[in-house]
Amino acid sequence: MNKSDVMNNILNIKPFAPNLGAVITNVDLSNDINDEELKGIRDAFHKFQVLFFQNQSEISPENHIKLGRYFGDLHIHPAAPKMKNYPQIFEIITDKNSKIANGAEDFHSDVSCDIEPPLGTMLQLHILPECGGDTMFANMYMAYEALSNQMQKFLSDLKASHESVHFYSGRYKTETNGESKTEYPSAIHPVIRTHPETGKKAIFVNKFFTTRILGLEPQESKFILNFLFSHIEKTEFQIRYRWNKNDMAFWDNRCTIHKALWDYFPHERKGRRVTIKGDIPV
Ligand code: SIN
């Protein structure tokens, strides 16, 4: 049986768009997942890069953690406030008192400033605004493939610094009343990474965390990063997902970037996410 047979026999799965994503409608994530379903989900995750599980009920924090662990050990966010009793859970909460919305500023790959950035993220939203609050995703394999051979060659030997102090310090100190003793992570990663499962190459820089390219003059680094930041955000690499209550999105941080739209202020949007540990990008 080939990959797509396994996926199609076990999972009711439909591509979301030709460039990225798929919707799965027949897996109840609040129940145990059997081996066949797990294999189908893993294969679909590698093929489609972002999965949207629909027809879900609200998953308890315990079950959300259990669900994430099917795909690996869980990553703990280095700076964000932890949910009481559940440090693995990152609460996504935006309402009329919010000054910022998590993930809204720019396209990013979650916590790419870590030495081992998360493999993937599973986000379920329980409260949605009447309209708005969509999440955009973009395909970083496609972004790499759209570059000329010469540009691919030029970028293939480069490494970039990913930092977080500029981004996390103001944001999370305020939220924890200045009590944070956080050490803000930073890491050096290849500009082009090879996905450990698919072997495909993807651009791995983002506006949130990537600050400079090593070995280039500051002006050169700025110029190349600005080029890449605008290249990876081209609409042809993107999708825009409109959430239903309790949908669970599962995205691959190694080959996609995403951005949450904050167009619904002062309305509420709430949910919880877990991230799964990844490995050192190569
Ligand atoms: C995030 O960047 O994890 C937040 C995504 C979202 O709220 O849609």
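The values are calculated or read from the model by the stated rules, or taken from the named source; none is laboratory data. Note that the coordinates shown come from a computational prediction; the quantities given were computed from them, not determined experimentally. Counting neighbours? That spans all protein chains shown, and the Cβs are built from the backbone with ideal geometry, glycine included. Accessible surface is based on the protein model in full, side chains and every heavy atom, while ligands, DNA and RNA are left aside. Shrake-Rupley method; radii C 1.70, N 1.55, O 1.52, S 1.80 Å.
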note = Those residues of segment 128-145 which are closer than 15 Å to I203 by Cα and surrounded by fewer than 16 Cβ atoms within 10 Å (Cβ to Cβ) amount to E145
request  = Filter segment 66-85 down to the residues that are at pLDDT 95 or above and not hydrophobic (A, V, I, L, M, F, W, C), then identify the one that is farthest from K277 (Cα to Cα).
outcome  = K66
task = Working carefully through the options I41, I65, find the one that is open to solvent by less than 40 Å² (accessible area, probe 1.4 Å), within 23 Å of A138 (Cα to Cα) and more than 16 Å from the ligand (Cβ to nearest atom).
result = I41
Number of the condition not met by C255 [criteria: (1) within 14 Å of the ligand (Cβ to nearest atom); (2) crowded, with 20+ Cβ neighbours inside 10 Å; (3) not aliphatic (A, V, I, L, M)] = (1)
message = Suppose we keep only residues that are more than 30 Å from D28 (Cβ to Cβ) and more than 12 Å from the ligand (Cβ to nearest atom) within segment 99-127. Which one would you say is surrounded by the fewest Cβ atoms within 10 Å (Cβ to Cβ)?
response = K99
Answer from F154, F167, F137 - the residue that is assigned to a strand (DSSP E or B) and either within 12 Å of the ligand (Cβ to nearest atom) or among the aromatic types (F, W, Y) (or both) = F137
Any hit, segment 266-278, residues being in contact with a Phe, Trp or Tyr (Cβ under 6 Å, 6 or more places away or on another chain) and of a type in the set (A, V, I, L, M) = yes
